[in-house]
Amino acid sequence: MAETSAHCGSSSTGTRQRGAIGRFASPMNVLLLAVYLDYCGVALVVPNLIFRFTELGGTPESYGFLSSAYAASQLIGGVIIGFLGDRRLGRKRALQLSFLGAGISYLTVGVSDSLFFLVVSRVVVGLTKQTLTCSTAIVTSLSDEASRTQALGRLTSITTFSFIVGQSAGGLLTQRYGRRAPCFVAATLFALNLCLVEMLLPAVRIATRTQAPKERVYNHDRLRASLHRSKEALRGAGGRMLLLRLFYGLLMRSSYSMHSLYESQEWAVSPAISGTLASYNQILSLVIEWALVGKLVDRIPESRLLCICLVLSALNASMEYQHRYFYIYAGVHLPISAVVGRISRTCLSSIFSKAVPIEDIGVALSVLDVCNSAINVIAPLYGGLVIGKLGVAAQPLVASAHYLVLLAPTWFVVRNVGQQFRDSERKAEKAD
């Protein structure tokens with residue numbers, strides 16, 4: 001009897017353990033772990049990429065070309081991988097293709113002794129690495145409508161957290177073992193991801209059906225209607241805000257496209273400190289967005305707050321250019337830049353959402369994403385050209401000038417958007 005009870009007890013314990021393991025190894029958790037390892041690998045390599053580039057004799061202008069080549073290949077790769085995932089390979093295989101391409105690319109960055117192979121590695125990773133696209137599609141397939149928002153939120157959070165961890169770890173690895181070491185560790189993480197997904201992530205089935213000729217005609221009509229809606233959504237204030245956001249993105253990305261190299265040359269910081277500063281900057285930005293932005297907007301109109309942030313950013317960058325004291329940079333300029341930068345981006349997003357009719361916001365955001373992809377191609381070329389002519393030490397001066405250039409169009413556009421929003425509210429009140 002005692003033996004039977006003991007056997008039943010051990011059987012019950014084993015069942016609970018298997019249940020706990022099963023919950024931990026659920027497809028959603030496996031996917032999140034794979035995404036975490038993926039973005040840790042990216043954060044290990046990307047901050048060191050510009051240093052590997054300069055070690056091989058690259059210049060700021062040619063680094064701008066390298067960044068633009070990567071952005072252009074990402075544009076093409078996004079379409080190709082999306083099609084393969086939906087129509088040919090399936091989403092699991094598309095995700096594995098992304099890991100394989102990234103692993104080969106980052107291994108090439110580590111072993112490369114020529115600029116040519118470094119450029120090839122960036123084109124390869126741009127064409128194949130579409131982790132967020134593939135994982136978002138898989139999350140959509142694995143979740144129902146009730147839990148999808150929470151699942152996508154977890155996906156976003158895990159990417160942010162992995163970047164914070166990866167940047168710090170990459171700095172420590174570089175300081176101890178050299179700039180090639182993070183590349184080899186990242187390639188190992190992607191190989192691990194391939195095995196993890198192969199063994200634990202089930203294939204995601206995608207329901208497909210053959211379209212009748214009438215349905216194809218209907219889809220063409222829907223495409224024309226969608227293009228018409230895009231045009232209507234971006235008329236007036238919405239179109240002006242779209243141009244302002246793109247102009248802001250162009251100037252900011254070009255200003256800070258070589259920020260890691262600037263920190264290394266001007267402040268002589270070690271790789272470990274550089275990685276810690278990057279993680280600190282990201283954590284501070286997140287805290288500001290969660291805790292401060294809402295309270296500020298309640299007290300100061302968004303349009304005025306945005307212009308104040310641009311003025312503060314210009315002054316902060318200009319003062320940074322005037323001295324060479326690292327502790328002032330790390331303790332004053334870097335936190336101010338993180339705070340006002342996050343507030344500026346949040347205000348721009350909020351004002352843009354108010355400038356576009358609520359029923360057309362999805363179309364407007366899609367247009368913005370496509371245009372931002374084009375900006376990612378142009379901005380590094382422009383930034384590399386300007387900073388290459390003026391020198392890396394002039395980065396704060398370039399940033400300050402860009403903030404001042406943004407101030408006038410920002411004030412003009414957001415003031416008109418605010419007036420339009422207030423007029424709409426008055427009309428709604430009269431209608432009620």
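Residues 97, 31, ranked from the fewest to the most other C-beta atoms within 10 Å, line up as 97, 31. Plainly put, the range 366-416 has a radius of gyration that is 1.08 times its Kirkwood radius, both from alpha-carbon atoms, as the Rg/Rh ratio. Ellipsoid fit via the Cα gyration tensor, the range 26-204: semi-axes of 29, 18, 14 Å, each the root of five times an eigenvalue, largest first.
Working ranking of peptides 379-386, 240-247 by packing, defined as the average number of other Cβ atoms within 10 Å per residue, highest first, is 379-386, 240-247. What is the pair-distance distribution P(r) of the range 235-420, computed from all Cα-Cα distances in 10 Å bins starting at 0, with each bin given as a whole percent? Binned Cα distances yield the sequence 9, 34, 38, 16, 3, 0.
Counting Lys and Arg as +1 and Asp and Glu as -1 over every other residue whose Cβ lies under 14 Å from the Cβ of residue 313, the net charge comes to +1. A simple rule links phi to the HN-Hα coupling: the Karplus curve 6.51 cos²θ - 1.76 cosθ + 1.60 with θ = phi - 60°, which for the range 378-395 gives 7, 4, x, 5, 5, x, x, 5, 5, 5, x, 6, 8, x, 4, 5, 8, 3 Hz, with x for Gly and Pro.
Values quoted throughout were computed directly from the atomic coordinates according to the rules given, and no laboratory measurement underlies them. Keep in mind it's a predicted model, so treat the numbers as computed, not measured. Using ideal geometry, Cβ is built from the backbone for each residue, glycine included, and neighbour counts are taken over all protein chains shown.
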